[in-house]
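For reference, the structure discussed in these notes is given below.
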Amino acid sequence: MIQLKNSAQISLMREAGRITGEALLVAREHVRPGISTKELDTLIRSYIEKCGAKPSFLGYGGFPGSACISINDEVIHGIPSKDRILQEGDVVKIDVGAFYKGFHGDSARTIPVGNVSEDALRLIEVTRNSFFCGVAAVKVGGRIGDVGHAIQSCVEQAGFSVVKRYIGHGIGHELHESPDVPNFGTAGRGTRLCAGMALAIEPMVNIGSEEVYELADGWTVKTRDKSLSAHYENTVALTSDGVVITTLVDQSW
Ligand code: MG
Ligand code: MG
């Protein structure tokens, strides 16, 4: 069942979202060659806890980190480790959740480490653009399929592929709620969008094929063909006055 949020609840979601977004800004400041993904995770956890919030992912389904940190051909759900050191030319995906006053924020960014290839920069840009194409389709009376169709069209026009095995989701009191929010679909189909819905919209985009697989660690998802992957996510609330992107604290990022 879809849990609709009233305006007071959406205000609380904005607070949770702001903390989530700020934790990503903290991480961005520290991304550089030589830092481990565990160090980034610790910085993120410290920031969230300093704000009086809890990291949504820590212990979720047994996940051992506060953030999912995935490098290059890792798509999502990378486990922070002191042995994973960022290298010049990597692209790192950092996915963060914060739980505050009963509500979650969920947001991810892909960050270049030092100088990266033109292809990597273009992948990051297209993935971000595809999110905003999706958001433009979030309207009262619209459909979930409108959102997925917009994301998929943006990505495929650029010659990249959308990961279909993992999708976005409703969000609120729980990190993952109804409805499912696929990054692909048919316009005019699927659940009708209405005021009070909160959605985590999160395109995962590969330079090569959409095929992915999960590592034996039970978490890390990688591209089958070892091509680069990017991820961009924000928590979005639909109100009668329009869309609020709760986790977007730097409008240009
Ligand atoms: Mg996320
Ligand atoms: Mg999510």
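Couple of notes before you dig in:
- Average Cα contact separation per residue, the chain, under 8 Å, 6 or more apart, as relative contact order %: 23
- Cross-link reach is defined here as a Cα-Cα straight distance under 20 Å, omitting same-chain residues fewer than 8 places apart; for K38 the lysines meeting it are K50, K54, K82, K93, K222.
- Legend note: in the chain, cysteines whose Cβ sits 4.7 Å or more from every other cysteine Cβ are C51, C68, C194.
- The range 62-139-the range 1-17 distance, computed between alpha-carbon centres (Å): 24
- Gain on full stretching of the segment that runs from H176 to L215 - 0.36 nm per residue minus C-alpha separation: 11.8 nm
- Ratio Rg/Rh [Cα only; Rh per Kirkwood] for the chain: 0.94
- Dipole of the chain [Lys/Arg +1, Asp/Glu -1 at C-beta], most positive-end residue of A108, L4, P64: L4
- Sum of -39500 (n - 2.57) over DSSP H runs of 4+, divided by residues of the chain (222 nm, nearest 500): -9500 deg cm²/dmol
- Fraction of the pair-distance distribution of the range 175-224 above 19 Å, Cα-Cα pairs, percent: 47
- Within the range 145-239, the trypsin sites (Lys or Arg not before Pro) that combine a DSSP coil assignment with at most 14 other C-beta atoms in a 10 angstrom radius are R165, R189, R224, K226.
- For the range 30-132, applying the loop criterion from DSSP together with a ceiling of 14 other beta carbons within 10 Å to the GluC sites (Glu not before Pro) yields E88.
- Rolling a 1.4 Å probe over the heavy atoms of the protein chains gives the range 7-245 an accessible area of 40 Å² per residue.
- Taking only protein heavy atoms and a 1.4 Å probe, the accessible area of the range 7-245 is 50% carbon and sulfur.
- Local electrostatic count at H149 - Lys and Arg +1, Asp and Glu -1, tallied over other residues with Cβ under 10 Å: +1
The values are calculated or read from the model by the stated rules, or taken from the named source; none is laboratory data. Remember, it's a predicted structure, so these values are computed and weren't measured experimentally. Using ideal geometry, Cβ is built from the backbone for each residue, glycine included, and neighbour counts are taken over all protein chains shown. Note: areas computed on protein heavy atoms with side chains; ligands, DNA, RNA excluded. Shrake-Rupley method; radii C 1.70, N 1.55, O 1.52, S 1.80 Å.
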